[in-house]
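Notes to accompany the following structure.
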Amino acid sequence: MAWMYLILAGACEVAATTVYRYSDGLTRAWPTFGLVVFGVVSLYCLHRAVSLPVPEAIPVGTAYAVWTGVGAAGTVLVGIAAFGESADATRIALLVVLIGSIAGLKLVSGT
């Protein structure tokens with residue numbers, strides 16, 4: 001269950017950064033509201049992932065690294081797919097390393 005919360009937290013980070021793009025420097029009400037909502041849900045899910053009973057909880061260092069990694073990787077993928085950002089070979093290779101690192105943290109976390 002903790003990993004589901006953590007992945008949801010990362011997905012909300014991706015949604016928050018995507019909505020932020022439309023907030024025009026936090027001057028547009030609905031995108032700014034969406035940013036706040038997704039941000040709060042993201043932090044709540046991160047909290048749940050690390051505060052479940054000990055055998056199921058994810059260590060906070062691992063959870064934070066995965067949360068930021070999922071958010072970063074997801075945001076890059078949204079940028080490439082939806083906003084025409086660069087998908088050059090170096091960027092993709094580094095994205096693969098990032099995703100591999102996230103998977104590696106899951107494998108060694110013991111939860």
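Any read-out appearing in this document is the output of simple, stated calculations on the displayed coordinates, not a laboratory observation. All values derive from a computational prediction rather than experimental measurement. Glycine gets a Cβ as well: all are built from the backbone with ideal geometry, and neighbour counts include every protein chain shown.
Taking 0.36 nm per residue of sequence separation and removing the Cα-Cα distance, the residue 44/residue 83 pair yields an extension gain of 11.2 nm.
Charge dipole (Cα centre; +1 on Lys/Arg Cβ, -1 on Asp/Glu Cβ; no other charges) of the chain amounts to roughly 80 debye.
Cβ crowding within 10 Å ranks 75, 68 as 68, 75, fewest other Cβ atoms first. Panel order for 40, 70, 78, by other beta carbons found within 10 Å of each beta carbon, from fewest to most: 40, 78, 70. By the count of other C-beta atoms within 10 Å, a proxy for reagent exposure, 67, 30, 3 are ordered fewest to most as 30, 3, 67. For the stretch 3-24, backbone nitrogen atoms closer than 20 Å to the point 7 Å from residue 37 Cα along Cα-to-C-beta are found at 8-24. Roughly how many whole Å is it from the C-alpha centroid of the stretch 52-84 to that of the stretch 89-111? Here the answer is 10 Å between Cα centres. Average projection, convex hull of the Cα set of the chain: 7.2 square nanometres.
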